[in-house]
């Protein structure tokens, strides 16, 4: 037997699992698949009624009370009563099933009526708007918008209007090449948009999908344009490319460790420069030589790649060397530096599973990349400075590691040396580290 409270729990589960589909049905002809919704109330058998007479009576009275006091529109939601002719109890009229007419009524049952109505109204409004402006993507939007039910249901009017305005502006200016702060939409500040980049990107992707009047933004390269997706699920939701906006340049920080190198940059040692500019630097042996004709005695540049900023700042002068730092898992950018292919590159990261995962990733771009101070000797000689690695890297094996690196990685993964052992690079005694660094050049 299902009481009114039981029906509420049933509808809560259905709402949680189905509200996105229900929202789609409000603008399609598929609502016959879900509505009306019939819920059988579990009429007891005569034997059950004889065994639990008070329970059956309370159940029937509860539905009588619901029917007389319910705020749900009785015209659209029917409580069906049925007769049961029982040998011992005679003819009894009992609640048989509840028929709920629509998603709106189901939401009202569980106290979600206001949220549902607001979400459904805004959903229809957005679908109708983009259909009206000639977008061919309204079907894509029908799939995308329900994923953001909470946005539709919970945004205040100001935020919802701002969302619609920014979508309209971006769609009308698909290749503006502006920075976020330059967008001329009243009430939109950079913090508001920065915190909603994923939402805006996905909605713009839905709006622009299959249309012919926009590209993927000025930052998109030829390969990316050739790979333009044809399915909403294939879009990577790159906010800047999808919205035609200019991203804030990614700054790469490096220090010139050789006084001769610093002269090439007007005496500067610590330099932060956009990625697009640093890739064009020329560190070939000919450029680094003394300038004498046919002088090829200068060895290739040595590039140290380290994670910790303070560690990089601690580096002293080293002949013909620089240090790049602070990339983390962003070591993918290393593949964009042509001059690194002619340099001797040395990576120094934390001795933990993520440190080796980053090394493995970096080596996919720089196959000859060496590692330093990431060995068992450095780890064991600083046991008193170990800390706990909270979450280990997921990979069971890292194919780009050397045999010795792989062995240490496995020891860390399998907790051979202790539970989630980690030695941060900045914890290694500097005299110990600097001696090894100097002798490596």
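The values are calculated or read from the model by the stated rules, or taken from the named source; none is laboratory data. Everything numeric here is computed off the predicted structure, so don't read it as measured data. Positions of Cβ are generated from backbone atoms using ideal geometry, with glycine treated the same way; all protein chains shown enter the neighbour counts.
Below is a table of values for the structure above.
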item: Considering residues of the range 406-441 that are under 31 Å from the mean Cα position of the chain (by Cα) and within 20 Å of residue 303 (Cα to Cα) only, the residue surrounded by the most Cβ atoms within 10 Å (Cβ to Cβ); result: 425
item: Unmet criterion (only one of (1) touching a helix residue (DSSP H, G or I) at 6+ places or on another chain (Cβ under 6 Å); (2) modelled with pLDDT under 95) for residue 152; result: (2)
item: Residue 200 being modelled with pLDDT of 85 or more and either surrounded by fewer than 12 Cβ atoms within 10 Å (Cβ to Cβ) or in a loop (DSSP other than H, G, I, E, B) (or both); result: no
item: Hey, residue 189 modelled with pLDDT under 90 and surrounded by fewer than 18 Cβ atoms within 10 Å (Cβ to Cβ) or not; result: yes
item: Yes/no for residue 233 being under 17 Å from the mean Cα position of the chain (by Cα), assigned to a helix (DSSP H, G or I) and modelled with pLDDT under 85; result: yes
item: Members of the range 313-328 that are outside any loop (DSSP other than H, G, I, E, B), surrounded by 16 or more Cβ atoms within 10 Å (Cβ to Cβ) and within 23 Å of the chain's Cα centre (by Cα); result: none
item: Any hit, the range 425-438, residues being modelled with pLDDT of 95 or more, assigned to a loop (DSSP other than H, G, I, E, B) and out of contact with any helix residue (DSSP H, G or I) (no Cβ under 8 Å at 6 or more places or on another chain); result: yes
item: Residue tally, condition out of contact with any strand residue (DSSP E or B) (no Cβ under 8 Å at 6 or more places or on another chain), within 13 Å of residue 353 (Cα to Cα) and either in contact (Cβ under 8 Å) with a residue 24 or more places away in the chain or in a helix (DSSP H, G or I) (or both), over the range 377-416; result: 12
item: Selection count, the range 238-263, where residues are in contact with a helix residue (DSSP H, G or I) (Cβ under 8 Å, 6 or more places away or on another chain) and part of a helix (DSSP H, G or I); result: 6
item: Residue 157, sole failed condition from (1) over 30 Å from residue 57 (Cβ atoms); (2) crowded, with 16+ Cβ neighbours inside 10 Å; result: (2)
item: Where residue 331 falls short, out of the listed (1) surrounded by fewer than 22 Cβ atoms within 10 Å (Cβ to Cβ); (2) modelled with pLDDT under 95; (3) at negative phi; result: (1)
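Table: residues versus (1) within 19 Å of residue 435 (Cβ to Cβ); (2) buried (at least 18 other Cβ atoms within 10 Å of the Cβ); (3) assigned by TED's automatic domain parsing to the domain that holds residue 283; (4) over 31 Å from the mean Cα position of the chain (by Cα).
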position	(1), (2), (3), (4)
311	yes, yes, yes, no
342	no, no, yes, yes
352	no, yes, yes, no
357	no, yes, yes, no
368	no, no, yes, yes
379	yes, yes, yes, yes
390	no, no, yes, no
